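The values are calculated or read from the model by the stated rules, or taken from the named source; none is laboratory data. None of these values were measured; they are calculated from a predicted model. Note: ideal-geometry Cβ built from the backbone for every residue, glycine included; neighbour counts use all protein chains shown.
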Amino acid sequence: MWRKGVLEAEDFPVERVSDYLQQPDAVVWADFCLPGQDDLQQMAEELGLAPLAVEDAVASHERPKLDRYPTHLFLSTHAMSLAADQPLHLTQVSAFVLPQALVTVHRADFDIDPVVKAWDDGLEMVEFGGRGLLYGLLDVIVDGYLASLQQLDDQIEDAEDRLFDDPPRSGTDIQRQTYLLRRQLTGVRKVVLPMRDVADAMLRHAELHSEQPDILERLRDLRDHVIRANEWNDALRDVIATMFETGLSLANARLNQIVRKLSGWAAIIAVPTAVTGFYGQNLPYPGYQQWWGFLVSTAVIVVLAVGIWMVFRRRGWL
């Protein structure tokens, strides 16, 4: 519990929450990690939380959402992280927002410490009550979106460079890496896209209730970050699509080059085959069974083969 931005109490019983909220200068934060519906019931009775919102807090949701109730707001979203050589990790975070309180519900794999640090570094957010605490929470979550997109951007740039490796990588490796990157971007889109609606709804609700200019400015900044994450994700998806098409084009180009070289060597080999086949007929020919006839046939093979090789080489076929 904070009073006028100063931490005054912590680790107190749930029964005291309603007492603190009767004091106009008190702001309360309650945090639940891996709770069941029964664990939240006592808090719901203390704060008058809607039963449907309590059920949603412990259920799994694929899309972030913001629900409005007469006495509070309910937010459900996902935090995002991306470790090196690991798939995209999403964890659900829910929050009940009251004028003087914030109740957070999350799983064990969500690190709440950066959120607490953000509140400590910007104590003015605490003075804004529940909305200020919610802004600090969402600011950390959205920064996680941008950090994950930056890592994906770096991985995509590295994959783009590998497209033109010499010797080239196998087409299967490129396609597999491109598919995995596209799959991760799809996971990002499922979270980031609906967050734009959530940010817009929060800003509209704050404007209707004539919130302080400072909190409105912060919510606008949060919405801008969400929009940036959406645009960045869409741009990376376009890059991935271009990479996939480029990889197929490069594979076709390399295949054409290999076929062209094989065709050139086949033409070169066809010359001595034709000459030796001609001289190998069961008919007498000039120089038949003579040493100079052998030299003539050998010279014809060498001259024609070298001539064809030089022509193909000059045209870049070999």
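Of note:
- When V93, V140 are checked against the criterion of being under 19 Å from K190 (Cβ atoms) and either among the aromatic types (F, W, Y) or in contact (Cβ under 8 Å) with a residue 24 or more places away in the chain (or both), V93 stands alone in meeting it.
- The residue list R182, R223, R189 contains one member that is within 30 Å of V126 (Cβ to Cβ), among the basic types (K, R) and either assigned by TED's automatic domain parsing to the domain that holds G130 or surrounded by 13 or more Cβ atoms within 10 Å (Cβ to Cβ) (or both), which is R223.
- When V188, V140 are screened for being over 27 Å from P51 (Cα atoms), aliphatic (A, V, I, L, M), assigned to a helix (DSSP H, G or I) and touching a Phe, Trp or Tyr at 6+ places or on another chain (Cβ under 9 Å), only V188 passes.
- Of the numbered criteria (1) modelled with pLDDT under 90; (2) more than 26 Å from V188 (Cα to Cα), the one A101 fails is (1).
- Residue count for region 119-138, restricted to those that are of a type in the set (F, W, Y) and over 32 Å from the mean Cα position of the chain (by Cα): 1
- Some residue of region 67-75 being in contact with a His (Cβ under 8 Å, 6 or more places away or on another chain), part of a helix (DSSP H, G or I) and more than 19 Å from K190 (Cα to Cα): no
- Scanning region 6-22 for residues that are more than 39 Å from the chain's Cα centre (by Cα), exposed (fewer than 10 other Cβ atoms within 10 Å of the Cβ) and either over 15 Å from Q42 (Cβ atoms) or modelled with pLDDT of 90 or more (or both) returns a single hit, Q22.
- Residue check for L88: surrounded by 14 or more Cβ atoms within 10 Å (Cβ to Cβ), modelled with pLDDT under 90 and touching a Leu at 6+ places or on another chain (Cβ under 6 Å): yes
- Within region 46-66, being assigned to a loop (DSSP other than H, G, I, E, B) and not hydrophobic (A, V, I, L, M, F, W, C) holds for G48, S60, H61, E62, R63, P64.
- So Q22, is it polar (S, T, N, Q), assigned by TED's automatic domain parsing to the domain that holds M125 and without any contact (Cβ under 8 Å) to a residue 12 or more places away in the chain: yes
- Any hit, region 133-148, residues being surrounded by 20 or more Cβ atoms within 10 Å (Cβ to Cβ), assigned by TED's automatic domain parsing to the domain that holds E217, closer than 29 Å to D173 by Cβ and in contact with a helix residue (DSSP H, G or I) (Cβ under 7 Å, 6 or more places away or on another chain): yes
- Within region 102-137, the residues that satisfy the criterion of being in a helix (DSSP H, G or I) and of a type in the set (A, V, I, L, M, F, W, C) are V115, V116, A118, W119, L123, M125, V126, L133, L134, L137.
- Any hit, region 164-181, residues being assigned to a loop (DSSP other than H, G, I, E, B), more than 13 Å from the chain's Cα centre (by Cα), over 30 Å from V28 (Cα atoms) and touching a residue at least 60 places away in the same chain (Cβ under 8 Å): yes
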